[in-house]
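Asks: Before I ask anything, here is the structure I am working with.
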Amino acid sequence: MKYKIKKFFLLFLVHTFLISVAISCIFPFLWMINSSFKSNSEFISDYGFKFPHKIMWKNYFIAFCQGKMGIYFLNSLIYTFVSVIGIVVISSLAGYSLSRLQFRGKNFIFFLFLAAMMIPTPAGFVPLYVLLKAVGLLNTRVGYCLAMVNVGLSLSIYLYKTFFDKLPRDLEDAARIDGCNRLRIWWHVILPLARPATAVVVIFNALNVWNEFVLALVIFSNRNLMPLQVGLKEFASSSVGLTNYTVLMAGLTIASLPIIIIYLMMQKHIIKGITAGALVG
Amino acid sequence: MHYTLKEEIKNFSFILPALVIFSFFYILPFFYTFLLALHQGSGLSSLKFVGLENFRRLLSPAGVVILSGSMGSILVVAPLLRFWKERKAAPEGSRVKRIILRIVGIGSIGIGGVCIFYGFRAFSEIFSSSAWVIDREWWASVGRSFYITLWALTFQNFLAFALALCVDRAIRTGQIYRAIFFLLPVLSEIIIGLLVRSLLLPYPGVLPHFLERLGLESWIRDWLNDPRYALTTLAITHCWRGFGWGFVILLAGLQTIPQTLYEAARIDGANGWQRFIRITIPLMLPVIVLVVILTILGTVQVIGLPMVLTRGGPAGRTTVSVLRIYNELKNYHAGYASSQGIILGIILVTLSFTLLKISNKLKKI
């Protein structure tokens, strides 16, 4: 009996701890969404803790148009889409060649990519800025996408290479006997087989590109080209974002709600993908 | 299997796109940093060669002597040793490879020699007091970075570990908690920073109002604008955002420990604390070291959060090192910025490699 009480008490404590931390994680977001539907005067009177009297879709409208959130959002979509496709194509080609094909200097090249993952470059954006400026890629979509492809490259190549190393060669051999060349083997055999690795690469890099901040900050000065994260920073320090808190909250909701929904829908895959990526690096 | 040259070129073409992008966006900038660090100015057109002047401002003459001396002697001695070994042993590898290695070796001896030369030149400056003007503000910013890292290492990681233990032990609904805790790392620093900022700011005063309701008026401070609290606010926000990372990794590690070990220990009469110390900690050590390294690397390089949460202020009190490098770049001091980046990179590399070495030693015991 005494043992049971003690156990119950312990469980109670553990649950309280867990639930209080969980509430501290969720509550700010609920508050954010709630206050994004309020008018500014209502927000100031009740601090966003009560439900809105009348839902103000106008806040979202202002954030989308005046705050340019729509443009930023579209830009982020473009950059993420292009960079992730680029990363998948380029790194699966490279991973395939590193795992299966023979050429000189193969080990050295693989070592280079590994070393790039190991060495932290906290100021990597400084020389990149100068070089991109010299080539004229500063403030262009192409420059940013290429830079983001490079950011995801070494990790993705490593993931693909280790995946291909474990893959049996029989299917490729069969395809080769049927007369496929290397490129068609890659497209028709290797890529479909590599779907689990591709899933990890896509999830990890999509989130990485979507949340990237420093490079975008350095590369873009034209507001019409900025992705969401830099755009949010601009928006928050613009006249609309500084004075009108509920519009700022609407902007934050626009930026975070899609991610939250996607995350909740495929939470297991995302956690698996991100931890797999991080543990390698 | 032997391949013809044409085959080999075809094979090589598969990795070519990756290699081209990697060379231009990683390898070239990497080495260009070192070149840039020897210059003053903003970009390609307006650079002025100043030698080790940037490093003297960061490290003082004595630091320059130590750094360039040690780097120079490594760059000179390592290839010399290699050449010496090669003289005795039979030649191995292809001819091209040997020639390339020789060229790299001679190049490194050359660079090392230049390093040592500049080190000697700086040696004379040690005794002149006018050369001892160090950029204290930079070291203060590094200190702030490590202050935040200290918070992250202790508060964030202990919280993550405690939560992971709770979920691992008592509850089958761990999936839900895992989903909730990992939500914050999935969202970007900017969103978190702006959200926390709007909660903490004194004017709409959401958190102050909340505390007032709870009867905790005495806890209310101007967290973002008071120089005493701004940095700690930043650190705690960073921990709040980041603990989900450690939680997920540590939980994955905990679940690989077989339950039979605990049962065996229980039969042998070990209590909960003993089981924790003798089984959990030793088996988790590699995972813990990994989390520590990830925490250090992630926290020292943080820039988005201070930029939007406190905007580097009040009075530069939350300007962490990478933010300072960015400001330096924006002020057209690309050369100085890259020398700061090199110093920070050296600090980070040494730290993480020492930790890895220590953990490998511990694993053997």
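Asks: Identify the trypsin sites (Lys or Arg not before Pro) of segment A:1-88 meeting these criteria: DSSP loop state and at most 14 other C-beta atoms within 10 Å of the C-beta.
Replies: Taking segment A:1-88 and a limit of 14 other Cβ atoms within 10 Å, the loop trypsin sites (Lys or Arg not before Pro) found are A:Lys50, A:Lys54.
Asks: Over 23 Å between Cα atoms, which of A:Lys133/B:Lys330; A:Lys38/A:Lys68; A:Lys233/B:Lys330; B:Lys48/B:Lys330; A:Lys233/B:Lys48 qualify?
Replies: A:Lys233/B:Lys48
Asks: Another question about this same structure. What whole-number distance in Å separates the alpha-carbon centres of segment B:192-230 and segment A:78-122?
Replies: First find each Cα centre; the distance between them is then 46 Å.
Asks: Which whole-Hz couplings ³J(HN,Hα) result when phi for each residue of segment B:357-363 is put into the Karplus expression 6.51 cos²θ - 1.76 cosθ + 1.60, θ = phi - 60°, listed in order with x for Gly and Pro?
Replies: Karplus-based 3J(HN,Hα) across segment B:357-363 equals 4, 4, 5, 5, 4, 5, 4 Hz.
Asks: Starting from the Kirkwood radius over alpha-carbon pairs of segment A:1-73, derive D by Stokes-Einstein at 10 °C in a medium of 1.306 mPa s and give it in µm² s⁻¹.
Replies: Answer from the Stokes-Einstein relation: 103 µm²/s.
Asks: Oh, and also: Which shape class, rounded, prolate or oblate, goes with segment B:190-345 when its Cα gyration tensor gives a ≥ b ≥ c as root eigenvalues, a/c under 1.5 marks rounded, and past that a/b bigger than b/c marks prolate?
Replies: Details: a/c = 3.50, a/b = 1.52, b/c = 2.30.
Oblate shape, in that a/c is at least 1.5 and b/c is the bigger or equal ratio.
Asks: Beyond 30 Å, what share of the Cα-Cα pairs of chain A is found? Please give it as a whole percent.
Replies: Beyond 30 Å sits 48 percent of the P(r) for chain A.
Asks: Also, I was wondering about something else. Just check chain B against the gyration tensor rule for me: Cα atoms, a ≥ b ≥ c as the square roots of the eigenvalues, rounded for a/c under 1.5, and otherwise prolate or oblate depending on whether a/b exceeds b/c.
Replies: Note, shape of chain B comes out oblate.
Asks: Is it possible to state the helix-based mean residue ellipticity at 222 nm for chain A, with each DSSP H run of 4+ residues giving -39500 (n - 2.57), the sum divided by total residues, to the nearest 500 deg cm²/dmol? What is it?
Replies: On the way: 15 runs with 215 residues, N = 281.
Using -39500 (n - 2.57) per qualifying helix, the result is -25000 deg cm²/dmol.
Asks: May I ask you to derive the FRET efficiency for A:Ala199 and B:Ile277 from their Cβ-Cβ distance with R0 = 45 Å, giving the value to the nearest 0.05?
Replies: In this case the efficiency is close to 0.70.
Asks: Note the angle between two axes, namely the Cα long axis of helix B:230-254 and the longest principal axis of the Cα atoms of chain B, as a number of degrees from 0 to 90, rounded to the nearest 10.
Replies: Approximately 90 degrees, to the nearest 10.
Asks: So for the protein assembly as shown, taking the charge dipole from beta-carbon charges (+1 Lys/Arg, -1 Asp/Glu), which of A:Ile33, A:Phe64, B:Pro17 sits furthest toward the positive end?
Replies: So the residue furthest toward the plus end is B:Pro17.
Asks: For B:Gln40, what charge total do you get from the other residues with a beta carbon under 14 Å from its beta carbon, if Lys and Arg give +1 and Asp and Glu give -1?
Replies: 0
Asks: With only alpha-carbon pairs counted, each pair once and no self-pairs, how large is the Kirkwood hydrodynamic radius of the protein assembly as shown in angstroms?
Replies: For the protein assembly as shown, the Kirkwood estimate is 27.5 Å.
Asks: Per DSSP H run of at least 4 residues, take -39500 (n - 2.57); add these up for chain B, divide by its residues and hand me the 222 nm value, nearest 500 deg cm²/dmol. The partial results should precede the final answer.
Replies: Numbers: 18 runs with 260 residues, N = 365.
Mean residue ellipticity at 222 nm (helix-derived): -23000 deg cm²/dmol.
Asks: Further question: Taking Cα centroids, how far is segment B:5-32 from segment A:1-76 in Å?
Replies: Taking the Cα centre of segment A:1-76 as reference, the centre of segment B:5-32 is 47 Å away.
Asks: Could you work out how far helix B:136-151 tilts from the main Cα principal axis of chain B, as a 0 to 90 degree angle to the nearest 10?
Replies: 50 degrees
Asks: While we're here: Roughly what angle does helix A:245-265 make with the longest principal axis of chain A, taking Cα atoms, 0 to 90 degrees, to the nearest 10?
Replies: Taking Cα atoms only, the helix is inclined about 40 degrees.
Asks: Amide H neighbours of B:His39 under 5 Å, at least 5 residues apart or on other chains, H built in the peptide plane: list them.
Replies: Counting only residues 5 or more places away or on other chains, the set is B:Val50.
Asks: Could I ask something else about it? Between segment B:287-365 and segment B:105-128, what is the C-alpha centre distance in whole Å?
Replies: Cα centroid of segment B:287-365 versus Cα centroid of segment B:105-128: 27 Å apart.
Asks: Stick to the Cα atoms of segment B:5-127, pair each with every other, and give me the Kirkwood hydrodynamic radius in Å at one decimal.
Replies: Mean inverse Cα-Cα distance, inverted, gives 17.5 Å.
The numbers here are math on the coordinates, done by the rules we state, and not lab data. In this text, all values refer to a predicted model and were calculated from it rather than measured experimentally. FYI the Cβ positions are ideal-geometry reconstructions off the backbone, even for glycines, and counts take in every protein chain you see.
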